[in-house]
């Protein structure tokens with residue numbers, strides 16, 4: 001068996017390194033590396049090659065090299081290193097290679113041809129294999145469409161968001177006003193609704209709206225992470241300076257530029273909505289274009305492979321929410337959100353909390369647990385306080401307002417309400433608060449039914465004061481009947497009482 005056979009077998013069927021194989025066979029490790037690269041590019045295994053004849057094996061691995069045997073072969077490894085030097089060109093390297101012996105040197109065209117063939121084998125491209133429904137790749141297009149403002153006549157650029165599924169390459173596209181976080185989230189939600197399901201992984205580029213800090217352990221933007229949790233999808237950004245990680249996205253962006261943007265180049269749109277309506281029409285045509293090398297189209301392949309494997313959408317679409325930077329809870333247990341102050345449980349004073357703002361609510365979290373929810377307010381300098389967040393003393397003090405005292409009186413009865421209202425019927429209603437507090441203490445001492453009965457008596461005698469209520473409750477006079485018959489006392493009969501007969505003596 002020749003060296004080629006042994007080198008290929010050892011490269012494909014053992015775990016030996018190129019250097020170890022080269023040492024064992026007394027050949028260049030560059031040659032071993034080239035054999036390994038050719039096998040990877042052609043996707044050949046040792047099972048495919050072991051039965052080939054030496055001539056067939058030679059044709060697979062040394063066809064190009066065979067044509068070099070009549071000429072002096074350059075040291076391509078050295079050339080490859082030299083070409084990285086600034087200012088060094090292939091023309092210069094060819095002239096240096098040719099100078100010692102022009103007769104057996106390659107021509108310039110052959111020199112460059114064989115060098116590029118060698119370099120191509122040295123940098124094989126790994127084919128990415130995707131499972132149906134596994135990944136969606138997303139990115140923004142560098143080329144931007146525009147729409148025209150009717151008022152100013154000015155062309156306003158828009159951003160083209162493009163997504164594609166891994167197996168079918170089924171393309172989604174939509175225009176947004178910017179690459180801001182709200183627009184990025186809006187486009188991502190629309191993409192999942194377009195697909196009618198959720199992939200396992202979304203692979204974005206490292207733009208700020210998706211990744212706060214790129215690197216080996218990237219930090220996902222907080223709102224985007226919230227979106228991912230809502231849809232139970234993993235966010236795995238493409239590695240920095242690794243275009244192969246997002247090749248599917250770049251290919252789809254290129255397709256969108258060719259078959260969407262190029263088709264609209266002579267059209268004028270007067271709103272972002274008009275732009276997206278037209279994009280939706282062209283998107284249908286793009287996804288139905290037949291493949292060149294495969295049967296079917298993106299749409300048919302999506303329906304056959306990707307769509308059945310997608311996870312179902314949640315019943316409620318994600319509502320965009322903005323996260324406010326962590327802040328420390330001050331002593332008044334109210335956190336500042338856009339100039340308005342919202343309460344949290346007072347036990348969280350000096351703890352750090354995060355705030356999530358939706359279209360209508362403010363949610364406050366401590367250690368990833370929701371501790372408060374408020375209605376969003378746009379009143380700057382205002383306060384939103386929930387009684388359950390206050391200490392007991394503060395809660396009692398907060399209840400000392402005319403409105404709350406009247407609300408309490410209404411739960412007791414109409415007469416109590418009448419007396420309470422009279423306490424605040426003055427130029428400065430707050431001056432009635434001490435009397436209102438005393439009135440509530442009477443309810444605690446004697447009971448609300450007794451207080452209402454005493455208030456009824458006070459209304460009858462038109463003495464609507466706390467002093468009257470106190471006297472009535474202390475003496476029990478509020479329990480006596482108030483009609484004229486029962487209120488008039490019957491005098492007992494005795495000698496000092498003179499009846500009408502006495503005054504009629506002289507008649």
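Data overview
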| item | result |
| --- | --- |
| Zero-based 5 Å bins, Cα pair distances in segment 399-479, whole percents | 3, 17, 32, 27, 14, 5, 1 |
| Relative contact order for the chain, counting Cα pairs under 8 Å that sit 6 or more residues apart, in percent | 9 percent |
| Equivalent ellipsoid semi-axes, segment 3-122, via Cα gyration tensor eigenvalues times 5, rooted, Å | 29, 16, 13 |
| Computed over segment 322-392: relative contact order in percent, which uses C-alpha pairs under 8 Å that are six or more apart | 33 percent |
| With Cα atoms, 0 to 90° folded angle of helix 402-412 axis to the chain main axis | 70 degrees |
| Residue 144/residue 213 FRET efficiency (R0 30 Å; Cβ-Cβ; nearest 0.05) | 0.70 |
| DSSP-defined antiparallel bridges as percent of all bridges, segment 135-309, nearest 5 | 75 percent |
| Two-site label geometry, residue 291 and residue 16: point separation in nm, points 7 Å out along Cα→Cβ | 3.9 nm |
| Normalised alpha carbon radius of gyration of segment 10-54 [divisor 2.2 N^0.38 Å] | 1.13 |
| As computed over segment 180-275, the Cα convex hull volume per residue (Å³) | 122 Å³ |
| Projected-area mean, the chain, by convex hull of Cα positions, square nanometres | 50.2 nm² |
| Ordering of 437-445, 267-275 by burial proxy (mean other Cβ atoms within 10 Å per residue, highest first) | 437-445, 267-275 |
| Two-site FRET efficiency, residue 29 against residue 327, from Cβ-Cβ distance with R₀ of 56 Å, rounded to 0.05 | 0.40 |
| Among beta bridges that DSSP assigns inside segment 322-392, antiparallel share in %, nearest 5 | 90 percent |
| Difference of contour (0.36 nm per residue) and Cα-Cα distance, residue 418 to residue 83 | 110.7 nm |
| Kirkwood hydrodynamic radius of segment 322-392, Cα pairs, Å | 11.9 Å |
| Nearest-ten-degree value, helix 433-446 long axis tilted from longest Cα axis of the chain | 80 degrees |
| log₁₀ of I(q)/I(0) at q = 0.13, 0.18, 0.25, 0.26 Å⁻¹ - segment 418-459, Debye sum with one point per alpha carbon | -0.28, -0.51, -0.86, -0.90 |
| Of all DSSP beta bridges in the chain, antiparallel share, percent nearest 5 | 85 percent |
| Between 0 and 90°, nearest 10: helix 466-475 axis offset from the chain longest Cα axis | 60 degrees |
| Stokes-Einstein D for segment 135-309, Kirkwood Rh over Cα pairs, 25 °C, 0.890 mPa s (µm²/s) | 147 µm²/s |
| Computed [θ] at 222 nm, helices only, for the chain once each DSSP H run of length n ≥ 4 contributes -39500 (n - 2.57) | -12000 deg cm²/dmol |
| Cα-projected label distance for residue 383 with residue 154, points at 7 Å along beta-carbon direction, nm | 4.4 nm |
| R0 of 22 Å, Cβ-Cβ distance residue 73-residue 108: FRET efficiency to nearest 0.05 | 0.90 |
| Neighbour-count ranking [beta-carbon atoms within 10 angstrom, fewest first] of 139, 104 | 104, 139 |
| Relative packing of 13-22, 446-455, which averages over residues the other C-beta atoms within 10 Å, highest first | 446-455, 13-22 |
| Longest to shortest principal axis, alpha-carbon extents of segment 223-322, angstrom | 40, 39, 35 |
| Contact order normalised by residue count of segment 135-309, Cα under 8 Å, 6+ apart, percent | 28 percent |
| Neighbour-count order for 149, 183, fewest beta carbons within 10 angstrom listed first | 149, 183 |
| Cα-projected label distance for residue 230 with residue 471, points at 7 Å along beta-carbon direction, nm | 6.7 nm |
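Where a number appears in this text, it was derived from the coordinates with a stated rule and is not lab data. On a predicted model such as this, the values are computed, not experimentally measured, just so you know. Quick reminder, even Gly has a Cβ in these numbers, built from the backbone with ideal geometry, and neighbours come from all protein chains shown.
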